[in-house]
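Visitor: My questions will all concern the structure given below.
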Amino acid sequence: MHRTLLLVAGIAGCTVPVHEPDDAPAEYGQRYISIGTDAIGTARAVAAQHGAMFDVIESENGVSVIAFDAEDLEELSEQMHEQHHRCGGFILHESLEEARSALHPPLASEVTIDYTLDQAAAVNAVLPALEANRILGTIGELSAMQNRYYQSPSGAAASTWLRDRWRSFTARTDVTIELFDHGYAQQSVILTIPGSTLANEVVVIGGHLDSIAVGGNTSTAPGADDDASGIATLTEITRVLLAKDFRPARTIKVMAYAAEEVGLRGSQGIVRDFKKREVNVVGVLQLDMTNYQGSDKDIWLMKDFTSAAQNTFLTQLIDTYVGATWGLDACGYACSDHASWYRAGVPASMPFESRMKQSNRSIHTRNDTLERSGNNAAHALKFARLGASFAIELGKGELWNPTASTLTTPSDETPACRWTLLGLLLAASLAGVMLAGRNVLTSRW
Ligand SMILES: [Zn+2]
């Protein structure tokens, strides 16, 4: 009932993947998902509606592995939001073995980070350049798309649209932007600013690109808050970091995950790939809903399925730089993409727009529009300040152009500056050749 085959190309001037019926991902048949044990009744009720299979395979530590019909995943997502206020709420696994691993606590993090605040000059040069109006504009553009559903033409077009937007922020050739193909129409978008002295240590800031509402491919799902707000916040952080010519010590990756709403599928795919390639991610920030102020404090840090040490670091960033109030809350199993990283033993945090119980009631419907946030992005700006502080204080490094506020075009450069840049580019390519020779895993990223 939720499956529509995708046969579209050339939408709005963009080339979107064409999935013929034969190569379309099979969105039916038995799948294994992990879900909070408190939500088993919800999953059972969804399956019972269509007489679909349902089997609880194992439960432990408040998590259950169940066999579930893929056709009902969209409905499950809807009910997890309705009844448990979770944006994702379950993880779709590739195999029973992977699903079973979710029953056990994640591997202890091997990361030992010394969380220090010593980049005040850089942070204070970046924060005043962040503009609420630009966040507002980006939310407007994303929510004007019919939907950003992971299998729809407009969901696919959203990926290339975002890639092009991020690409426009810099002419730097060392900054790469790529589409991560998951085998369905929507692709995740990953922008990489390579690190200088600690390039093998990766800092991730991310949010999810997809939106959802009843009707799947043909739905009207503006997702202004969920999660155009997070993507717009990340976009503004990225714009300013690149305008200031941020050269981090650690590698920074900005990620827009596909298909969060149907089992954290985009982030699961990326984490699986990173684990395989032994990419060393040292910290993850998830921005999922940043622009609806529903509670008495500004920023709510989720205590569950996150890193306590990194959360403390975030409270210090908020107190020192953001100028906002904060509180602690919990969101339950797999409420967003940070859970994918947490399961892999990576320190992850999820600062949220309100207490979970007071969050935006319009999400996952056609009414998730900017009007619900008063047609402004004042709340999201606090998260932009937090995300930028996080990227700079965890990424370390320096700003090569601290006074710029937008992309400096080549014509703005003095000849001397051009020669310096040429020299640096030469040095960077030389370093790249040397690194490639040493087979550094993160060099592709
Ligand atoms: Zn969301």
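Bear in mind that the values in this text are calculations on the coordinates, not laboratory data. It should be emphasised that the depicted structure is a prediction, and the values quoted were computed from it without experimental measurement. Here Cβ is always computed from backbone atoms with ideal geometry, including for glycine, and neighbour counts include all displayed protein chains.
Visitor: Which order results if 161, 400, 341 are arranged by neighbouring Cβ count within 10 Å, fewest first?
Guide: Values: 161 19, 400 13, 341 27.
By the 10 Å Cβ count, ascending, the order reads 400, 161, 341.
Visitor: Here is a further query. Quick one: dipole size for the stretch 152-200, taken about the Cα centre, charges +1 on Lys/Arg Cβ and -1 on Asp/Glu Cβ, in debye to the nearest 20.
Guide: Here the stretch 152-200 has a charge dipole of around 140 debye.
Visitor: Using a/c under 1.5 as the rounded threshold, could you call the stretch 177-319 rounded, prolate or oblate? The axes a ≥ b ≥ c are square roots of the C-alpha gyration tensor eigenvalues, and prolate needs a/b larger than b/c, oblate otherwise. Walk me through the intermediate numbers first.
Guide: Working: a/c = 1.58, a/b = 1.17, b/c = 1.36.
Because a/c hits 1.5 or more and a/b fails to exceed b/c, the stretch 177-319 counts as oblate.
Visitor: For residue 301, enumerate residues with amide H under 5 Å from its amide H, sequence gap 5+ or separate chain, H modeled in the peptide plane.
Guide: Excluding prolines and chain starts, which carry no amide H, the hits are 327, 328, 329, 352.
Visitor: Run through the stretch 36-98 and list the GluC sites (Glu not before Pro) located in a DSSP loop whose Cβ has at most 15 other Cβ atoms within 10 Å. Each step should come with its number before you reach the end.
Guide: Working: sites: 58, 60, 71, 74, 75, 78, 82, 94, 97, 98; in loops: 94.
Taking the stretch 36-98 and a limit of 15 other Cβ atoms within 10 Å, the loop GluC sites (Glu not before Pro) found are 94.
Visitor: Once amide H atoms are built 1.01 Å from N in the peptide plane, which residues 5 or more positions from residue 63, or in another chain, come under 5 Å H to H?
Guide: The list, which skips near neighbours in sequence, is 37.
Visitor: Shifting gears a bit: Only sites in a loop by DSSP and with at most 15 other Cβ atoms within 10 Å count here; which GluC sites (Glu not before Pro) in the stretch 228-295 make the cut? Please list the in-between numbers first.
Guide: Values: sites: 236, 260, 261, 278; in loops: 278.
Sites meeting the loop and neighbour criteria: 278.
Visitor: With only Lys, Arg, Asp and Glu charged, each at its Cβ (+1 for the first two, -1 for the last two), find how big the charge dipole of the stretch 215-317 is about the Cα centre; round to the nearest 20 debye. Please report the intermediate quantities before stating the final value.
Guide: On the way: 12 positive and 13 negative charges, 134 e Å.
Using Cβ point charges on Lys, Arg, Asp and Glu, the stretch 215-317 gives about 640 debye.
Visitor: With a point put 7 Å past each Cα toward its Cβ, work out how far residue 319 is from residue 121 in nm, to one decimal.
Guide: For residue 319 paired with residue 121, the spin-label model returns 2.5 nm.
Visitor: So, one more: Order the peptides 307-316, 361-370 from the highest to the lowest mean number of other Cβ atoms within 10 Å of their residues. List each step's numbers first, then the result.
Guide: Numbers: 307-316: 18.1, 361-370: 19.6.
Descending mean neighbour count gives 361-370, 307-316.
Visitor: Would you mind ranking 338, 208, 85, 50 so that the residue whose beta carbon has the fewest other beta carbons within 10 Å leads the list? Please list the in-between numbers first.
Guide: Values: 338 29, 208 32, 85 19, 50 12.
So the ranking, lowest neighbour count to highest, is 50, 85, 338, 208.
Visitor: Follow-up question, since we're still on this one. What full-extension length gain, to one decimal in nm, is calculated for residue 82 and residue 328 as 0.36 nm per residue of separation minus the Cα-Cα distance?
Guide: Gain on extension, residue 82 to residue 328, equals 86.3 nm.
Visitor: Right, another one. Which length gain, in nm to one decimal place, applies between residue 375 and residue 107 when the Cα-Cα distance is subtracted from 0.36 nm times their residue separation? Don't skip to the answer; put the middle values down first.
Guide: Details: separation 268, 0.36 × 268 = 96.48 nm, distance 4.26 nm.
That works out to 92.2 nm of additional length.
Visitor: Considering only C-alpha atoms, what is the centroid distance from the stretch 260-308 to the stretch 195-221, in Å?
Guide: Here the two parts' Cα centres lie 9 Å apart.
Visitor: Would you grab the residues whose amide H sits under 5 Å from the one on residue 399? Only those 5+ places off in sequence or on another chain, please, with H modelled 1.01 Å from N.
Guide: Excluding prolines and chain starts, which carry no amide H, the hits are 247.
Visitor: While we're on this one: Residues in the stretch 212-232 near a label at residue 366, defined as backbone nitrogen under 19 Å from the 7 Å Cα→Cβ point?
Guide: Residues passing the 19 Å test: 212-227.
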